[in-house]
Structure formats: structure tokens, C-alpha cells
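Below is one structure, written out as C-alpha cells, with a few remarks after it.
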């Protein structure tokens, strides 16, 4: 039973490390000013960039007839891999979860403890 308690705390430790505060990174003030001036700084300056910025400006402007209230807005993300590296799950965690599932049948006391 001791090794499972250690495994549990190891998993909690890994999750804590994976969820560290990314806001503690020091950012160059010049980069911040560029980002504020151009919210899509790394996009090519093409029609799709302009259309996206215009659309967001239109639906977030309270004076616009196309204004969308915050409670009615929906965020969508393309699963192209951009978000995957932000909060990775380590292979060790997947292994530990699969291992617990595999041996859980041999330890019915885990349901109560």
C-alpha cells in the first residue's frame, strides 16, 4: 500500500509542475508594446488577418449593430497543435494511470481507501 501512496504523491507532484504559473516569465517591454499595437503580430499581413481583426473589432464594439455581449460569445480553437505544448501530460503520468487501472482489480480495498 505504501508504494501506491508514493505513486499518488508522485503524480500530484508532476501535475503541480505541469501547471506552474507561466506569468512569472520576464517579458521584454518592447515585445509587449508590439503585441498591443498588433494583436496578430506573427501573422502575415494579408486579407485574412485584416478581416479577423475587423471582425473582432466589430463584434466587441458596443456601438456596433453586430455587437455580441460577452455572455453570448463562444471561443473556438483549431486542434492544429498550437495549444498542445502549453500543458503537456508526461508519459510517466499516462503509464501510472494505466498501471493503476491494470492492477485495480487485485485491490478492491482501493474503493474504500
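The values are calculated or read from the model by the stated rules, or taken from the named source; none is laboratory data. Predicted, not measured: the structure shown is a model, and the values here were computed from it. Cβ sites come from the backbone with ideal geometry, for glycine too, and all protein chains shown count toward neighbours.
Six or more apart or on different chains, Cβ under 7 Å: which pairs go from a residue in segment 3-23 that's within 14 Å of residue 93 (Cα to Cα) to one that's at pLDDT 65 or above and not in a loop (DSSP other than H, G, I, E, B)? Could you list them?
Close Cβ pairs (under 7 Å, with a partner that is at pLDDT 65 or above and not in a loop (DSSP other than H, G, I, E, B)) amount to 7/96; 11/93; 11/96; 14/92; 14/93.
Which ranges mark the helices (runs of 4 or more DSSP H) fully within the chain that have 3 or more residues being surrounded by 10 or more Cβ atoms within 10 Å (Cβ to Cβ), in contact with a helix residue (DSSP H, G or I) (Cβ under 9 Å, 6 or more places away or on another chain) and modelled with pLDDT of 70 or more?
Working: elements: 2-18, 29-37, 47-60, 91-103.
Counting at least 3 such residues, we get 2-18, 91-103.
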